[in-house]
Amino acid sequence: EFLAEVIKKGDYIRERLNELKGKVSIIGDIRGKGLMMGCEFVDPNGTPDQIGSLPASGEIAAAVQKACFERKLVMEKGGRNGAVMRCLCALTVSMDEINIMLETFEKVVLEIDSSVKK
């Protein structure tokens with residue numbers, strides 16, 4: 001069933017993004033539903049707010065967006081301070097396409113994370 005496949009693909013993307021979040025210091029939050037996800041970038045060197053959240057970083061998100069574009073992956077950013085990278089897949093996206101996107105995105109995020117002074 002079409003809807004079941006959309007849910008399965010969205011769950012897969014969320015799982016992979018959460019795994020990536022566990023490996024880096026620049027991702028603060030993964031949110032969304034189905035094939036519409038948001039990945040918020042934060043400044044790991046910033047001062048946490050009253051509830052312990054690091055400040056959103058539009059600069060880091062812009063660096064990720066630029067590096068993705070250079071690798072032929074177009075990512076949209078928005079949200080608070082332009083710090084949320086949006087994953088807005090077509091409902092008909094294939095698992096092969098999802099994996100290509102995630103592999104590229106993961107490589108870029110790991111590279112940017114390693115370049116951020118901590």
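The values are calculated or read from the model by the stated rules, or taken from the named source; none is laboratory data. Just so it is clear, the model here is predicted, and its values are computed rather than measured. Neighbour counts run over all protein chains shown; Cβ positions are idealised from the backbone, glycine included. Only protein heavy atoms, including side chains, enter the accessible area calculation; ligands, DNA and RNA are left aside. Shrake-Rupley method; radii C 1.70, N 1.55, O 1.52, S 1.80 Å.
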Whole-Hz ³J(HN,Hα) from phi, Karplus 6.51 cos²θ - 1.76 cosθ + 1.60, for the stretch 74-84, glycine and proline x: 8, 10, 9, 10, x, x, 4, 6, x, 9, 10
Surface per residue (accessible, 1.4 Å probe) for the chain, Å²: 59
15 Å beta-carbon shell around ALA67, net charge (K/R +1, D/E -1): -2
In degrees, nearest ten, helix 95-115 long axis to first principal axis of the chain (Cα): 10
Amide H contacts under 5 Å for SER57, placed H, 5+ residues apart: PHE41, VAL42, ASP43
The stretch 19-33 - phi-based ³J(HN,Hα) in whole Hz, Karplus 6.51/-1.76/1.60, Gly and Pro as x: 4, 4, 4, x, 9, 10, 9, 9, 9, x, 7, 10, 8, x, 8
Net length gained if the chain between MET36 and LYS72 were fully extended (0.36 nm per residue, minus Cα distance): 11.0 nm
Other-chain or far-sequence residues with amide H under 5 Å of CYS89's (modelled H): MET37
Rounded Å value of the spacing that divides the Cα centres of the stretch 88-118 and the stretch 1-51: 11
Label assignment, volume of the Cα convex hull per residue in Å³ derived from the structure, set [x] 172; [y] 96; [z] 155: [y]
Share of carbon and sulfur in the accessible heavy-atom surface of the chain [1.4 Å probe, %]: 55
Theoretical gain in end-to-end length, LYS107 to SER94 [0.36 nm per residue, Cα-Cα removed]: 2.7 nm
Under 5 Å, built H, 5+ apart or other chain: amide partners of GLY32: GLY38
Which of GLY52, ILE27, VAL84, positive extreme of dipole for the chain (C-beta unit charges): GLY52
Whole-Hz ³J(HN,Hα) from phi, Karplus 6.51 cos²θ - 1.76 cosθ + 1.60, for the stretch 57-63, glycine and proline x: 10, x, 5, 5, 4, 5, 5
Violating pairs (Cα-Cα greater than 28 angstrom) within the set LYS8/LYS117; LYS9/LYS117; LYS23/LYS77: LYS8/LYS117; LYS9/LYS117
